[in-house]
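The values are calculated or read from the model by the stated rules, or taken from the named source; none is laboratory data. These numbers come from a predicted model, not from an experiment. Counting neighbours? That spans all protein chains shown, and the Cβs are built from the backbone with ideal geometry, glycine included. To get the accessible areas, we keep the full protein, side chains included, count just its heavy atoms, and leave off ligands, DNA and RNA. Shrake-Rupley method; radii C 1.70, N 1.55, O 1.52, S 1.80 Å.
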Amino acid sequence: MKILVTGAAGFIGSKLMQKLAERGDEIVGIDNINDYYDPRLKYGRLRECGIATDAPEIEWGSEIRSTTLPNCRFIRMAIDDKTALDRLMERERFQKVVNMAAQAGVRYSITNPYAYLQSNIVGFLNVLEACRNYGVEHLIYASSSSVYGMNAKVPYSEDDKVAQPVSLYAASKMSNELMAHAYSKLYGFATTGLRFFTVYGPWGRPDMSPMLFARAISKGEPIKVFNNGDMIRDFTYIDDIAEGTICAIDHQPEASEVPFKVYNIGCSNPVKLMDFIEEMESAFGQPAQKNFLPMQPGDVYQTNADTSKLEAECGYKPHWKLHDGIANFAAWYKSYKNPLKD
């Protein structure tokens with residue numbers, strides 16, 4: 001298949017680009033490589049896929065072919081640049097689009113709301129329009145477990161109500177699902193939304209707890225423990241997230257009245273935050289200094305994925321245990337591959 005992966009320098013997008021190319025798909029990845037967090041991490045992920053340049057940064061619009069994955073190319077481009085996106089779609093004629101590009105982060109959305117509208121709403125609309133206009137069969141896109149808000153019923157099911165998000169980030173992801181449903185209904189192309197649950201692993205985002213904890217523990221600095229440690233998360237290893245996404249890519253919704261699906265992708269094994277911290281302490285060989293703090297605006301007490309729908313319809317099965325995933329993450333964090341180790 002010929003597939004476009006947006007957000008290809010991101011945590012999930014780069015892993016997907018690599019795995020899809022390795023299995024033989026023709027892949028074009030795009031990313032704006034913005035400075036929401038340190039771009040060195042994004043360039044490091046691209047190098048893992050054989051995308052490298054001698055220049056300090058990749059120029060806008062330039063195309064680089066992978067040196068290790070000959071069926072993979074990368075272009076620096078933003079999805080909110082409608083003209084550039086349309087030109088690419090018209091030239092390449094992709095069969096499927098995997099949209100992982102987004103402005104991420106719950107807490108960042110509290111102080112920088114307009115960044116979310118531009119990328120997650122305007123950018124996503126551009127992707128939908130491009131799929132409609134250039135014959136894309138199937139759009140797969142990143143949603144988030146944050147759409148469940150303060151839902152007290154666990155585990156979270158795709159049939160649960162999601163009408164009360166507690167952050168603008170969550171609201172933007174819920175909007176994506178509604179927009180995708182409308183386009184599937186109006187224009188007949190298939191869309192699949194993926195509600196990811198607390199992704200972790202090598203090359204993870206530096207604004208998420210595993211990287212924040214790793215940095216602090218390594219330097220002997222205190223970690224911030226919100227809600228006084230009384231939180232639960234369905235931590236899901238990056239390889240399980242990627243495999244689940246590929247399952248969804250390969251199972252296109254049937255051309256029924258509305259060819260639209262939404263799936264949870266999680267581990268279905270929620271972990272107490274303090275137990276997660278203990279695993280981190282063990283992997284790094286030293287105790288963490290803990291600064292206990294109240295719950296932060298936009299945060300939720302727990303996440304817990306019911307993945308039975310994705311398992312039944314697409315064959316998904318998470319394999320990674322927390323202990324093994326944390327060990328892999330710690331080994332990467334301490335290695336020369338981590339550009340942020342110092």
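Residues that are farther than 19 Å from GLY44 by Cβ and part of a helix (DSSP H, G or I) within segment 311-342 comprise GLU311, ALA312, GLU313, CYS314, LEU322, HIS323, ASP324, GLY325, ILE326, ALA327, listed in sequence order.
Just to verify a result, which residue in segment 13-49, among those that are open to solvent by 80 Å² or more (accessible area, probe 1.4 Å) and basic (Lys, Arg), is farthest from ILE246 (Cα to Cα)? Only one residue fits best here, namely ARG40. Here PHE196 meets the list (1) of a type in the set (Phe, Trp, Tyr); (2) closer than 24 Å to GLU313 by Cα; (3) over 15 Å from the mean Cα position of the chain (by Cα); (4) open to solvent by 10 Å² or more (accessible area, probe 1.4 Å) almost entirely, failing just condition (3). Among the residues making up segment 304-323, those that are more than 21 Å from VAL147 (Cα to Cα) and either over 19 Å from the mean Cα position of the chain (by Cα) or touching a residue at least 40 places away in the same chain (Cβ under 8 Å) (or both) are ALA312, GLU313, CYS314, GLY315, TYR316, PRO318, HIS319, TRP320, LYS321, LEU322, HIS323. Of the residues PRO294, PRO287, the single one that is in contact with an Asp or Glu (Cβ under 6 Å, 6 or more places away or on another chain), in a loop (DSSP other than H, G, I, E, B) and modelled with pLDDT under 95 is PRO287.
Condition first: in a loop (DSSP other than H, G, I, E, B) and surrounded by 17 or more Cβ atoms within 10 Å (Cβ to Cβ). Now tell me which residues in segment 141-153 satisfy that.
SER143, SER144, GLY149, ASN151, listed by residue number.
Please determine, by comparing only the residues of segment 55-83 that are charged (D, E, K, R) and within 30 Å of ARG107 (Cβ to Cβ), which one is most open to solvent (accessible area, probe 1.4 Å). Top of the filtered list is GLU57. Going by the conditions given, is ILE277 touching a Leu at 6+ places or on another chain (Cβ under 9 Å) and open to solvent by less than 20 Å² (accessible area, probe 1.4 Å)? Considered against the rule, which asks whether it is touching a Leu at 6+ places or on another chain (Cβ under 9 Å) and open to solvent by less than 20 Å² (accessible area, probe 1.4 Å), ILE277 comes out as no. Taking segment 219-228 as the range and being assigned to a helix (DSSP H, G or I) and surrounded by 15 or more Cβ atoms within 10 Å (Cβ to Cβ) as the test, the residues that pass are PHE226, ASN227. Listed by position, the strands (runs of 3 or more DSSP E) contained in segment 1-89 that have at least 2 residues being closer than 13 Å to ASN99 by Cα, in contact with an Asp or Glu (Cβ under 8 Å, 6 or more places away or on another chain) and among the aliphatic types (A, V, I, L, M) are 2-6.
Going by the conditions given, is LYS341 of a type outside the set (A, V, I, L, M, F, W, C), over 28 Å from ASN151 (Cβ atoms) and surrounded by 13 or more Cβ atoms within 10 Å (Cβ to Cβ)? Here the answer is yes, as LYS341 does meet what is asked. Annotation for segment 160-180: at least one member residue is surrounded by fewer than 24 Cβ atoms within 10 Å (Cβ to Cβ), touching a Leu at 6+ places or on another chain (Cβ under 8 Å) and either part of a loop (DSSP other than H, G, I, E, B) or at pLDDT 90 or above (or both).
For the residues ALA52, ALA102, the requirement of being open to solvent by 10 Å² or more (accessible area, probe 1.4 Å) and either free of Cβ contacts under 8 Å to residues at least 40 places away in the same chain or more than 27 Å from ASP207 (Cβ to Cβ) (or both) singles out ALA52.
Here TYR301 passes the criteria (1) surrounded by 21 or more Cβ atoms within 10 Å (Cβ to Cβ); (2) among the aromatic types (Phe, Trp, Tyr); (3) under 28 Å from ARG107 (Cα atoms) except the one numbered (1). Does at least one position in segment 136-152 carry a residue that is free of Cβ contacts under 8 Å to residues at least 24 places away in the same chain and aliphatic (A, V, I, L, M)? The answer is yes; a qualifying residue exists.
Within segment 237-274, can you find the residues that are open to solvent by less than 20 Å² (accessible area, probe 1.4 Å) and either without any contact (Cβ under 8 Å) to a residue 24 or more places away in the chain or aromatic (Phe, Trp, Tyr) (or both)? Scanning segment 237-274 gives TYR237, TYR263.
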